[in-house]
Amino acid sequence: MTIALDPKVLAAVHAALKSIPDRRNVIPVAGMFHLEPGASGLTVTATDCDIEAALTVDCAASFEPVCLPPYLVEAAAGLGVAEVKIAIDERQAVVTGGKARFKAPILPGSDFPKFKQTFDGHFEIAGEALARIIQATVDAASGQGDDHRYYLEGVFLQTLDGRLQAVATNGHRMHAASAEFSGRQTLQGDGIIVPTKAANEIAKLASKAGGRAVTVETSRGAISVRAGGERIASKLIDGSYPAWQRVVPSPSEITATFDLAEMVAALDRVMKIQSVNEAEVKAKSRAGSVRLSEDGDTLTIATAGHQSGGEAVDAVRAEFNGDWGARGVSSRYLRATLAAMKDRGRDTATIDVADPGSPMRIESPTDDDFVAVVMPMRV
């Protein structure tokens, strides 16, 4: 059987699926792309046995499902011709285009571990809205293996007061973002926990949908997001998420408001000095901490160097309410939180903290859909 495809179509397929297979997977067929013709076109699927991504493209063909190595699709996508042909037999696939010819072994499609799950709930939401709340929170999730609290290794989704809420935390900082959605469907139980890798893939798919609606299907153990001919399905993290709303401090009367771009740039400069003696700094209990202090109409960012290190002091313009004094915080977590707010198109941010030992509530005066919490540090 021979099929003909535009290299641009193959490039779109490879771009959508290349990050799914896990190179550490010991099952060879799980590292391949599964091709299956159907009435709606050719469906190409990739998996890591926990996440499955599929993309359907226009292609009239009839053959038994097969599995191709991703590098063959990538090579075909890079050809500068109008059309490439893929000839498939029982043992191999041969790609030809112009004077190029690529050959690779294949595996039977029946060996591919397909994702089999039934869903009992669904709703629709604008793709860009879903992407924005995931992108604003996923970076705050705990890294895989970084924490024994496995349930923090993902994004928590729940429906709350007619809105879809996304929350992620690693115990040191927490991001929460929400968006309106049209459905009346509520998520199972108190919500679901989407693994970080799956959350990133869902955000990528949803972002491509833009203002068009994406369909979200859920069950007790899985989630599926579909937009046009593209779909992401994933297992969920089985666990109970902490009561995140209790972590968010109530607003106080002690705040500092500043320009986001200026503050991120100042933190970058300070962090360059902090990184000079990285090995030594990591051994200190106050590693990466900065002191934020009020100095007239400026907020000073300062960090003390170590024995052979340097010292950094920078400042940005700020408006204060109450007796701000001095506060300690991780420069890395503060910078990451402010960068997430900047990526949401905000210009200013407010740090609200009652006293030096209390968590920092960080939000933008122009963004009611996002709030972050960063834990304090001694300095």
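The values are calculated or read from the model by the stated rules, or taken from the named source; none is laboratory data. Please read these numbers as outputs of a predicted model, since none were measured by experiment. Note that we place each Cβ from the backbone using ideal geometry, even for glycine, and neighbour counts take in every protein chain shown.
In table form, for the structure just shown:
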read-out: Residue within segment 105-112 that is out of contact with any Cys (no Cβ under 8 Å at 6 or more places or on another chain) and surrounded by 14 or more Cβ atoms within 10 Å (Cβ to Cβ) present; value: no
read-out: Lone qualifier among T337, T300 - being crowded, with 17+ Cβ neighbours inside 10 Å, within 18 Å of A168 (Cβ to Cβ) and of a type in the set (S, T, N, Q); value: T337
read-out: In segment 22-40, the residues that are part of a loop (DSSP other than H, G, I, E, B) and surrounded by fewer than 16 Cβ atoms within 10 Å (Cβ to Cβ); value: R23, R24, N25, V26, I27, A39, S40
read-out: Of residues in segment 52-80 being of a type in the set (G, A, S) and surrounded by fewer than 18 Cβ atoms within 10 Å (Cβ to Cβ), the one farthest from A11 (Cα to Cα); value: S62
read-out: Meets criteria (surrounded by fewer than 18 Cβ atoms within 10 Å (Cβ to Cβ), farther than 30 Å from G345 by Cα and not assigned by TED's automatic domain parsing to the domain that holds T218) for A87; value: yes
read-out: Matching residues, segment 55-87, being of a type in the set (G, A, S) and closer than 16 Å to F33 by Cα; value: A75, A76, A77, A87
read-out: Candidates I3, I51 - the one that is farther than 24 Å from K208 by Cα and either in contact with a strand residue (DSSP E or B) (Cβ under 6 Å, 6 or more places away or on another chain) or without any contact (Cβ under 8 Å) to a residue 40 or more places away in the chain (or both); value: I3
read-out: Hits in segment 229-261 - residues which are hydrophobic (A, V, I, L, M, F, W, C) and touching a residue at least 40 places away in the same chain (Cβ under 8 Å); value: I232, A233, L236, I237, W244, V247, V248, I254, A256, F258, L260, A261
read-out: So A176, is it in the same structural domain as A199 (by TED's automatic domain parsing), within 30 Å of M377 (Cα to Cα), small (G, A, S) and outside any loop (DSSP other than H, G, I, E, B); value: yes
read-out: Meets criteria (within 28 Å of I223 (Cβ to Cβ), of a type in the set (G, A, S), touching a residue at least 24 places away in the same chain (Cβ under 8 Å) and in contact with an Asp or Glu (Cβ under 9 Å, 6 or more places away or on another chain)) for A11; value: yes
read-out: Boolean, V216 is under 29 Å from T56 (Cα atoms), of a type in the set (A, V, I, L, M, F, W, C) and either in the same structural domain as A339 (by TED's automatic domain parsing) or buried (at least 18 other Cβ atoms within 10 Å of the Cβ) (or both); value: yes
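Residues checked against (1) assigned by TED's automatic domain parsing to the domain that holds S234; (2) within 22 Å of K116 (Cα to Cα); (3) touching an Asp or Glu at 6+ places or on another chain (Cβ under 7 Å); (4) part of a strand (DSSP E or B):
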{"residue": "I20", "(1), (2), (3), (4)": "no, yes, yes, no"}
{"residue": "L42", "(1), (2), (3), (4)": "no, yes, no, yes"}
{"residue": "T56", "(1), (2), (3), (4)": "no, yes, no, yes"}
{"residue": "E64", "(1), (2), (3), (4)": "no, yes, no, no"}
{"residue": "V73", "(1), (2), (3), (4)": "no, no, no, no"}
{"residue": "G80", "(1), (2), (3), (4)": "no, no, no, no"}
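Every residue, every condition in (1) modelled with pLDDT under 95; (2) within 19 Å of the chain's Cα centre (by Cα); (3) surrounded by 20 or more Cβ atoms within 10 Å (Cβ to Cβ), yes or no:
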{"site": "G98", "(1), (2), (3)": "yes, no, no"}
{"site": "G127", "(1), (2), (3)": "no, yes, yes"}
{"site": "T137", "(1), (2), (3)": "no, yes, yes"}
{"site": "G143", "(1), (2), (3)": "yes, yes, no"}
{"site": "D161", "(1), (2), (3)": "yes, no, no"}
{"site": "A166", "(1), (2), (3)": "no, yes, yes"}
{"site": "T169", "(1), (2), (3)": "no, yes, yes"}
{"site": "S178", "(1), (2), (3)": "no, yes, yes"}
{"site": "Q185", "(1), (2), (3)": "yes, no, no"}
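Conditions (1) at pLDDT 95 or above; (2) in a loop (DSSP other than H, G, I, E, B), marked per residue:
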site	(1), (2)
V281	no, no
R286	no, yes
S293	yes, no
G309	no, yes
